[in-house]
Amino acid sequence: MKGMRAFTLAEVLITLGIIGVVAAMTMPVLIANHKKNVAVTKLKRSYNILSNVFVRAQVDFGDVINWDLASSSNGEYNPESSKAVVNTFIKKFVLPYLADGYSYDDSMTPTDLGYKTEVKYRNGTRMMKNDAEKQTIRLQDGTYIFVNNTVIKRTGDDGEVKNYIAGIMFVIDIDGPKGNNIAGKDVFVAELPLTNNASLHFLGSGYIKNNIYISDDLTREELIDGCETDGKYCGRLIQSDGWQIKYKY
């Protein structure tokens, strides 16, 4: 026992102080990385669920262009026909292919669903009104998917420009009312174009021309700019980066 030496109180306090400083420096990074991993995992799961739904629906009903969604309103967009198209789409081509544990409502507002703040783009502008009724699918893991139409402008033979239904849009909120409700943070946008080569895409993947969905090979710099400006392209950027968040989250 004579040759043994213990730590002094000062040495213990210095060691604990060093540990505290290191923890204070590393914990925010670890927490931020954890949040990114959770966001990517939930987004990828939701995206795969929707993609598989449409693959299975096309086995039963053929190509999306033949689902008669746009033709049910002559293709022209107005709020009432849009809601009817979305309801038909969800009830016939989505809900039967979802696993148990989902819920669907076509007449509740985000406020009714528990949203305290509006869903916004990264630049602070509004993405969704909290007091407007939304057609909403809630998945078992708490992801909320708001479904609407995408619209394209066309010029008729008379020269008049009108809005036409071009696809189905999905606003995917991976943590529902309890999250940030900001595009690129926990809200991401995907779409299913009503074309003859349709599959699910994140916004920023392409565009519609002559009933064909044309892939748009945006550069990574363009995707980053679009993502970090308003958040619209963040889902596409995550996917193209191998399902990783590498932008300023």
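Quick rundown of the values:
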quantity: Of all residues making up the range 131-152, the number that are of a type outside the set (V, I, T), out of contact with any strand residue (DSSP E or B) (no Cβ under 6 Å at 6 or more places or on another chain) and either buried (at least 18 other Cβ atoms within 10 Å of the Cβ) or under 11 Å from V171 (Cβ atoms) (or both); calculated: 1
quantity: Where G176 falls short, out of the listed (1) on the phi < 0 side of the Ramachandran plot; (2) in contact (Cβ under 8 Å) with a residue 40 or more places away in the chain; (3) surrounded by 18 or more Cβ atoms within 10 Å (Cβ to Cβ); calculated: (1)
quantity: Residues (among the hydrophobic types (A, V, I, L, M, F, W, C) and over 22 Å from V53 (Cβ atoms)) located in the range 123-169; calculated: M127, M128, A132, V151, I152, V161
quantity: Pick from the range 203-230, criterion touching a helix residue (DSSP H, G or I) at 6+ places or on another chain (Cβ under 8 Å) and under 21 Å from V85 (Cα atoms), ranking: modelled with the lowest pLDDT; calculated: N211
quantity: Any hit, the range 213-228, residues being of a type in the set (K, R) and either without any contact (Cβ under 8 Å) to a residue 12 or more places away in the chain or surrounded by 23 or more Cβ atoms within 10 Å (Cβ to Cβ) (or both); calculated: no
quantity: Residue count, the range 216-233 (criterion: more than 23 Å from D173 (Cβ to Cβ) and in a loop (DSSP other than H, G, I, E, B)); calculated: 4
quantity: Exclusive hit being of a type outside the set (D, E, K, R), touching a helix residue (DSSP H, G or I) at 6+ places or on another chain (Cβ under 8 Å) and under 16 Å from I238 (Cα atoms), set I165, I182, I172; calculated: I172
quantity: Test: residue in the range 56-70 that is farther than 29 Å from G101 by Cα and modelled with pLDDT under 80; calculated: yes
quantity: Residue list for the range 118-163, restricted to those being in contact (Cβ under 8 Å) with a residue 24 or more places away in the chain, assigned to a strand (DSSP E or B) and more than 19 Å from A99 (Cα to Cα); calculated: K120, K134, N148, N149, T150, V151, I152, K162, N163
quantity: Residue match in the range 76-84 (condition: in contact with a strand residue (DSSP E or B) (Cβ under 7 Å, 6 or more places away or on another chain), at pLDDT 90 or above, not polar (S, T, N, Q) and not in a loop (DSSP other than H, G, I, E, B)); calculated: no
quantity: Subset of the range 182-198 (residues that are among the hydrophobic types (A, V, I, L, M, F, W, C), outside any loop (DSSP other than H, G, I, E, B) and within 16 Å of S215 (Cα to Cα)); calculated: A190, L192
quantity: Residue list for the range 24-51, filter: surrounded by 11 or more Cβ atoms within 10 Å (Cβ to Cβ) and of a type in the set (A, V, I, L, M, F, W, C); calculated: A32, V38, A39, V40, L43, I49, L50
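The values are calculated or read from the model by the stated rules, or taken from the named source; none is laboratory data. If you're wondering where the values come from, they're calculated on a predicted model, not measured in any experiment. Ideal geometry is used to build each Cβ from the backbone, glycine not excepted, and the neighbour counts take in all protein chains shown.
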